[in-house]
Structure formats: structure tokens, C-alpha cells
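A short worksheet on the structure shown next.
The values are calculated or read from the model by the stated rules, or taken from the named source; none is laboratory data. The shown structure was predicted, so the numbers you read here are calculated from the model rather than taken from an experiment. Note: ideal-geometry Cβ built from the backbone for every residue, glycine included; neighbour counts use all protein chains shown.
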Amino acid sequence: MIRRFSAGLAAPAALAALLAAAPAAAKEDFVLEDEVAVCTGCHGEAGVPVEPDYPVIWGQQYFYIFTQLRDYGAGRRQNDVMTGIAAEYDRDQAKLLAEHFAGLAWPDIPSQTEEGDAALAEKGITGGQCSACHGKWQGDSRIPRLAGQQAGYLARTMEDFKTDVRMNAPDKNSTMKQLDDATIAALSRYLSDLDIQ
Amino acid sequence: MAEWSSKASLVCVALVVSSAATAQEETSASTLYGDLQSVTQNMLTRAAGDGNNFLHTNGNYAQTRYYPASQIDAGNVRNLRPAWIFQTEIVDTMETSPIVVNGVMYVTTAFNHVYALDARTGRQIWHHKHAMGPVTTYCCGPNNRGVAVAGDKVFMGTLDAKLVALDAKTGKQLWETQIAEAELGYSETMAPSVVENMVLIGTNGGEYGIRGFVKAFDTETGELIWTFHTVPEDSTGVWATHDATGRDMMRDIEAEKAALASMGDPYETLGGGVWQNPAVDLETRRIYFVVGNPSPDLDGSLRPGDNLYTDSLVSVDLDTGEYVCHFQYIAHDVWDLDAVSPPILTMVQDEAGNDVKGVLHGGKTGHVYVHKADDCSMIRFSEAMVPQENMWTLPTAEGARMLPGANGGVEWSPMAIDPQLRLSYAINLHQPMTYTVRSTPYPEGKLWLGGSFDVIADEEQWGNVTAVDYDTGRIAWQVRTAEPMIGGILATAGGLVFTGEGNGLFKAYDSSNGAELWRFQAGAGVNAPPSSYTVEGQQYIVVAAGGNAQLNYKRGNNIIAFTLAD
């Protein structure tokens with residue numbers, strides 16, 4: 001997993017290591033703005049993340065953000081950076097952060113679709129029955145918005161499900177194993193280019 | 001001058017005439033149509049013979065979806081035209097069954113919007129948007145299948161697992177009750193049913209490790225009257241090795257017994273949702289409903305035993321919710337080929353050829369099952385309406401192909417019957433899938449399938465409309481459709497059945513032989529059950545065209561009412 005952050009990100013990686021050492025209970029002297037300032041270092045000042053494989057969290061679903069922070073903190077979702085950060089917050093602090101980011105406007109992400117993506121993506125969507133849960137990709141409550149998400153992050157998280165790295169949504173591992181890498185790549189670009197109605 | 005004055009007087013006359021006509025229309029509107037009419041128990045009880053209203057999700061308490069009006073018939077249906085189209089605010093999956101009371105129609109959309117419309121014109125009377133809580137956990141789209149009406153109230157179940165009562169005249173909320181915990185996977189997409197002072201409702205959540213139920217709430221206060229748990233504390237059963245049709249389900253009973261001894265009864269997270277309305281028998285004061293799959297769907301290792309009463313027809317006492325009888329179609333199901341389509345009460349022939357009170361259910365397996373209402377026992381099952389292959393191959397880590405795929409057969413889509421022709425009408429899916437198992441512990445409110453169902457993208461998919469003679473179990477007629485079918489069907493005394501498709505086509509067939517008599521392109525998937533009603537002597541057919549989330553059919557937001565062209 002080091003590979004993800006080896007791409008010249010000395011500052012955030014060091015920050016994460018620092019944070020990972022912090023205690024797991026409620027963070028003392030919790031001031032929302034200060035915590036948010038930490039997040040923006042990676043998730044972007046205006047909502048556009050600093051790296052292509054970092055997720056957009058501005059305008060993401062409240063309950064999804066909350067669940068992910070809890071899952072990182074409890075080790076149900078394993079990630080070198082986020083585990084350490086999220087472990088510092090208790091339930092209520094995680095809720096405040098989730099509320100804050102859910103209330104912001106989703107940013108515009110530059111389109112990257114390639115010819116043939118739509119056809120391949122739609123085949124993957126049919127096979128995985130994705131729309132049964134993801135609907136029109138707008139997200140709802142515990143289901144994340146995927147429309148307009150960063151293609152790099154979508155591809156990586158789908159690969160992480162496929163290779164059993166990401167384990168906090170158990171059925172996704174099985175579903176993603178049915179998709180080949182080309183389909184995952186096409187799906188990621190296709191979703192990143194969608195808007196919500 | 002003379003000319004001018006004569007013109008003026010003409011105008012005057014015209015004005016008088018037209019205002020008189022308006023006044024008359026308003027009077028008729030307030031006395032006959034569009035005015036609030038209290039829905040009495042008598043109206044609800046006699047709905048099967050009511051050719052003006054459409055008072056229950058499935059037409060009447062027996063859930064026949066057989067509409068008694070016959071103005072629109074096999075001879076004139078070719079003249080059916082849209083009378084009006086109403087567009088809702090939400091462009092998303094629609095499964096609503098329009099309810100019509102004295103010229104006022106109630107429809108719902110995804111995310112629990114409710115509309116009251118003038119059933120003659122489609123004019124909006126009111127619009128209620130449910131204040132959704134922050135946590136919802138549902139499977140298969142943000143659906144809603146409609147309201148129940150009684151007295152001066154309209155009732156709806158919500159995605160955040162509430163039951164709400166609205167004022168039928170204004171749409172204002174009168175009360176709401178939390179049915180169960182949304183965070184743990186409970187949600188509501190079904191329409192409630194009302195009997196006397198009780199609102200009956202089941203729950204979704206078989207994909208999340210809930211413990212299913214049917215509950216009765218007080219129509220006036222929303223207070224809980226009774227709860228029937230669809231999963232009893234002893235869910236073990238009889239260690240059935242064969243399904244209702246006699247096929248070996250390949251269970252490893254010894255391994256299951258060992259698992260039971262070590263882990264105990266899995267009833268607390270065993271699933272058993274109830275997705276659709278019960279049939280109500282007021283003579284015996286019993287209700288009949290079907291219970292959905294066990295949780296986790298594909299992984300039987302965590303839930304030893306027959307997993308009672310999942311995948312079963314169940315009857316309970318209307319007044320107390322106490323168990324009366326059940327019949328399990330598939331014990332220890334690991335394919336999600338469960339029981340969802342609402343049961344129908346009607347007279348059927350038993351094995352000896354005598355007419356007895358019966359219950360019909362269209363299964364995801366593709367069979368129509370025929371039961372005795374008396375003790376739930378099975379009289380017969382129909383020929384398979386869709387291809388079946390490799391039944392029952394157990395799910396594997398790599399994925400095993402078996403037909404039908406996990407959506408059926410008959411999904412949640414209600415069937416209809418024609419009690420004169422003694423035929424049941426079902427819409428079916430043919431969607432080849434692989435079944436993959438992957439054991440994971442209970443994830444506390446997250447999706448818990450225990451693997452995945454994957455559509456084999458290269459194999460052909462299609463659907464059909466199938467009429468079955470329920471006295472013999474033989475297929476009477478069958479019509480192939482281009483795409484797998486989900487939504488519902490309506491039969492009418494005009495010798496017709498109406499049903500829609502994912503590609504936007506809405507069709508009428510001759511109910512005796514399946515001949516297609518009429519079609520309309522709605523522009524979005526027609527994946528909701530049609531209703532019918534009559535206002536001012538004019539019969540209408542109405543259906544929602546909003547597409548479907550589960551099968552990813554083109555979304556829309558139209559309610560379309562059809563009537564005969566003059």
C-alpha cells in the first residue's frame with residue numbers, strides 16, 4: 001500500500017504517520033476548522049483533491065462519510081493515511097466532520113473519458129447489477145455518490161475490492177472479481193464524467 | 001351601432017352561458033368527483049366489484065388485480081389513447097400502483113413523494129415530500145410501491161423505515177411511526193394495506209441481516225397493535241432436503257447440524273423480509289403473505305437449518321398476528337430464489353377436482369404455486385414459465401451458472417387472474433446468472449449477500465408474459481418480450497391484460513389467448529403495475545413510466561392515463 005503514497009508526497013505521508021500515533025479516543029481540543037484544514041491538505045482547498053487517486057469528499061453523502069471515518073478508525077477499512085487520521089475522532093467528532101463535508105458543493109472534475117468507455121462500462125454495470133444499489137450514481141445515505149468522482153480513485157478502490165485490500169463492504173469484493181481491469185478502467189472514467197440530475 | 005349592440009348582446013349571452021356551464025361543472029365536481037370521499041370499510045371490502053375506484057394496491061383484498069369494468073374491451077382497445085400525462089418531480093425508478101378514490105388519484109415516486117391528482121385531467125391537487133431521515137438502508141432502488149387509503153387518510157411506508165399517515169384532502173402529515181431501525185437495514189418500499197382499524201406492513205432488509213416481520217398499526221394513532229416475526233426463535237424446521245417441486249437442494253445436513261450445535265439458532269439476523277401486501281380473507285379473518293430470502297443470501301454456512309419461515313407462504317390471524325400455517329418453497333435457500341410476488345386468494349380445483357378456497361403465488365423459480373387456503377398445503381405447481389438449468393447447483397467461490405437467475409422467474413411483480421377463465425397472468429425474467437459465495441460475518445447494517453449474483457453479460461436475456469391454468473398447472477399461453485419483465489400486470493373484465501416493459505412499451509393482450517391488441521411507447525421503462533378506474537362513465541387505464549433501478553431501465557417521471565378516443 002506504500003506504493004500509493006510514494007509518488008512524491010513526503011509531506012502528507014509524514015503528517016499521516018504523525019497522526020497515526022495519536023490516541024484512539026475522542027480528540028482533545030477538537031476545533032472543526034482546524035481539523036478541516038488538515039483534510040483540505042489532501043482532499044483539496046476547493047474540493048478538488050490534490051492527487052488523482054484521492055477521493056472527492058466535498059458534497060459526498062453524510063452517512064457514507066461518517067461510516068467510512070468510523071471504519072477507518074476501527075480498522076475495518078485499512079489505509080495508511082486515513083486509518084491514523086480517523087482513529088483520532090470519536091463518533092460525535094466524526095459526525096461533525098461528515099456533516100461539514102456533506103454540506104459543501106461537489107467540485108467539477110476534468111473529464112477523461114475515452115472512446116468505447118460507455119459501451120464497456122454499461123456492460124460492466126449490467127453484469128454487476130450496479131444500478132440496483134447505485135441507482136443514478138447520485139448516492140444516498142450510506143451509498144456514496146460516484147457521479148463525477150475522481151477516475152483514479154474509483155479505479156483504485158475497485159481494484160482494492162477486487163484484490164481484497166478494501167474489506168469494509170464485503171459483497172463488493174465478490175462483485176469486483178467479476179470485472180476485468182479494462183472494464184474497471186472504463187467504468188471509472190465513465191463515472192467520473194457523469195453529472196447528477 | 002346596431003351591429004355593435006347586437007354583437008355585445010351576443011357576447012353577453014355567451015358569457016352567461018359559459019359561466020353557467022362552469023358553475024354546473026363546479027357543482028358536479030364538488031358533489032360527484034374530485035371531492036374528498038371518505039373510504040369506508042364497506043368500500044374496501046367490496047372493492048372487487050367496484051368498477052369506479054381502485055382502492056387497493058392489488059385491486060381488492062383477494063389481490064386478484066382483476067378489474068370489473070369492461071368499457072375498454074378486446075374489440076375497442078385499439079382506440080386507447082393517452083388522456084393525460086402527469087410529470088412528477090422525481091425522475092427515477094417508479095413502482096407505484098395508482099390508487100383512485102372517487103376521481104382522485106394517489107401516486108408515489110422514488111424517495112417517497114406522494115401526489116394527489118384529478119383522475120380526469122391529471123391536474124395536481126397536492127404534493128407531499130417525505131422529510132427523509134439521514135440514514136436509509138435499502139436494496140434495489142429508492143422505490144415506493146404506493147399508498148393505502150382508508151377513511152380520510154392516505155398511508156405510506158418510507159425508505160427510512162417509517163409509516164406515515166397523511167390527510168387525504170391536503171397531503172399534510174397527521175402522524176408518523178418508526179417501524180424499525182433504518183441503520184440496521186430496515187426500510188419500506190411496499191404499499192401498506194388497511195383493514196378496519198389496522199394498517200398492515202412488512203419490511204425490506206433480507207439483504208442486510210434483519211429479522212423480518214409483518215406489523216399492524218392503529219390507523220388513528222400509529223400505535224403498534226401486533227407484530228408477527230417472520231423468523232421464529234426456533235428457525236430450524238424439519239431439515240427438508242427437497243424443494244416444493246421435489247428437487248434435491250444438495251444440503252449437507254450433517255454439517256448444518258454441527259454448525260447449529262456450535263453457533264446456535266441464527267434467527268436474529270436471518271432476514272425474511274416481506275416485500276408485498278398480504279391477501280386478506282375477512283371470512284376467516286386471516287391474512288396470507290410470502291416471506292423473502294434468508295440472510296446472507298448466498299452463504300448458508302452461517303445459518304444452519306431450514307431458516308423458517310423464509311421463502312414461504314405464511315398465514316396469520318388478522319386480529320392477533322398469531323401464526324396459522326405456512327408452506328416453505330425452498331428450505332435453506334442459497335440462491336435468493338425467494339417468494340416476493342403477492343399471493344392471490346381465489347377458488348381453485350383441488351386434487352379431487354373440487355372447488356376449494358385457494359392461494360396462488362408466482363415464484364422467482366418460475367412456477368405458479370397453488371395452495372389450499374385452509375392449511376397452506378400445496379395442491380400443485382405449474383409448468384416452469386422460464387428456462388431452468390442446473391437446479392439446484394450450490395454457489396461456488398468461482399461462481400456457478402444456474403437458471404433462473406436470482407431475479408426470477410417472477411420478481412416482486414404482482415400477478416393478476418381472470419376468475420372466469422381460471423387463468424393467472426405473470427410477467428417473468430430470463431436473466432442467466434452465476435452464483436458466487438463468499439462468507440463474511442454479519443456487517444451490522446451493510447449489504448450482506450455473502451457473495452454475489454452476476455449477470456452473464458454475453459448471454460441473451462428476455463422476458464415473457466405467461467398465462468397459467470391454475471386448475472391444471474398448464475401454461476395456457478405465453479408471449480416473449482424483448483427484455484426481462486419487472487413491474488406488474490392488470491386483467492380486466494373487458495377480456496384484456498395490460499403490462500409494460502423496460503423498453504417503454506405498454507401493451508394490451510387478449511386475456512384468453514395472448515394476442516397483442518394494442519401498444520404504446522411511453523419513452524421510459526413501464527415497470528409498475530397498471531390500475532384502472534371510471535370517472536363520469538369513462539373508463540381509464542393508468543400506469544407509471546419511470547423505469548427501474550434494479551434492471552437499469554430508462555428512468556422517467558410520467559403517470560400516463562389512457563382512455564378510449566371518442
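This table checks each residue for (1) modelled with pLDDT of 95 or more; (2) closer than 20 Å to residue A:195 by Cβ.
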{"site": "A:93", "(1), (2)": "yes, no"}
{"site": "A:109", "(1), (2)": "no, yes"}
{"site": "A:114", "(1), (2)": "no, yes"}
{"site": "A:126", "(1), (2)": "no, no"}
{"site": "A:133", "(1), (2)": "no, yes"}
{"site": "A:139", "(1), (2)": "yes, yes"}
Taking first residues from segment A:168-183 that are closer than 15 Å to residue A:71 by Cβ and second residues anywhere that are modelled with pLDDT of 90 or more and in a helix (DSSP H, G or I), the pairs with Cβ under 8 Å that are 6 or more apart or on different chains are A:168/A:68; A:168/A:71; A:169/A:161; A:172/A:161; A:173/A:161; A:173/A:162
Those residues of segment B:548-566 which are more than 10 Å from chain A (Cβ to nearest Cβ) and either aliphatic (A, V, I, L, M) or within 13 Å of residue B:145 (Cα to Cα) (or both) amount to B:559, B:560, B:561, B:564, B:565
Review point. Can you find a residue in segment B:201-215 that is surrounded by fewer than 17 Cβ atoms within 10 Å (Cβ to Cβ) and over 21 Å from residue B:97 (Cβ atoms)?
Key: no
message = Looking at the structure I just gave you, is residue A:105 within 14 Å of chain B (Cβ to nearest Cβ) and farther than 19 Å from residue B:447 by Cα?
response = no
Within segment B:117-148, residues buried (at least 24 other Cβ atoms within 10 Å of the Cβ) and more than 14 Å from every other protein chain (Cβ to nearest Cβ) come out as B:117, B:119, B:145, B:146, B:147, B:148
Of the residues in segment B:521-546, those that are in contact (Cβ under 8 Å) with a residue 60 or more places away in the chain, closer than 21 Å to residue B:425 by Cα and within 14 Å of chain A (Cβ to nearest Cβ) come to B:527
If we keep only residues of segment A:164-185 that are within 20 Å of residue A:118 (Cα to Cα) and more than 10 Å from chain B (Cβ to nearest Cβ), then the residue surrounded by the most Cβ atoms within 10 Å (Cβ to Cβ) is A:184
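Sort out which residues of segment A:76-99 are within 17 Å of the chain's Cα centre (by Cα), away from chain B (no Cβ under 14 Å) and not polar (S, T, N, Q), and write them in order of number.
If the condition is that a residue be within 17 Å of the chain's Cα centre (by Cα), away from chain B (no Cβ under 14 Å) and not polar (S, T, N, Q), then A:80, A:81, A:82, A:84, A:85, A:86, A:87, A:97 are the ones that fit.
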Taking segment A:132-163 and the residues there that are without any contact (Cβ under 8 Å) to a residue 24 or more places away in the chain and more than 10 Å from chain B (Cβ to nearest Cβ), the one that is surrounded by the most Cβ atoms within 10 Å (Cβ to Cβ) would be A:161
**Request:** Answer yes if at least one residue in segment B:487-504 is within 14 Å of chain A (Cβ to nearest Cβ), of a type in the set (Asp, Glu), in a loop (DSSP other than H, G, I, E, B) and under 23 Å from the mean Cα position of the chain (by Cα), and no otherwise.
**Result:** no
If we keep only residues of segment B:505-549 that are over 17 Å from the mean Cα position of the chain (by Cα), among the small types (Gly, Ala, Ser) and at pLDDT 95 or above, then the residue surrounded by the fewest Cβ atoms within 10 Å (Cβ to Cβ) is B:515
Going through segment B:51-71 in order, the residues found to be farther than 19 Å from residue B:283 by Cβ and either without any contact (Cβ under 8 Å) to a residue 60 or more places away in the chain or in contact with a Lys or Arg (Cβ under 8 Å, 6 or more places away or on another chain) (or both) are B:57
Picked from segment B:81-116 (must be within 14 Å of another protein chain (Cβ to nearest Cβ) and under 17 Å from residue B:157 (Cα atoms)), the residue surrounded by the fewest Cβ atoms within 10 Å (Cβ to Cβ) is B:111
Only one of (1) touching a Pro at 6+ places or on another chain (Cβ under 8 Å); (2) part of a loop (DSSP other than H, G, I, E, B) does not apply to residue B:208, and that is (1)
ask   = Do we find that residue B:452 is within 14 Å of chain A (Cβ to nearest Cβ) and either assigned to a loop (DSSP other than H, G, I, E, B) or not small (Gly, Ala, Ser) (or both) in this structure?
value = no
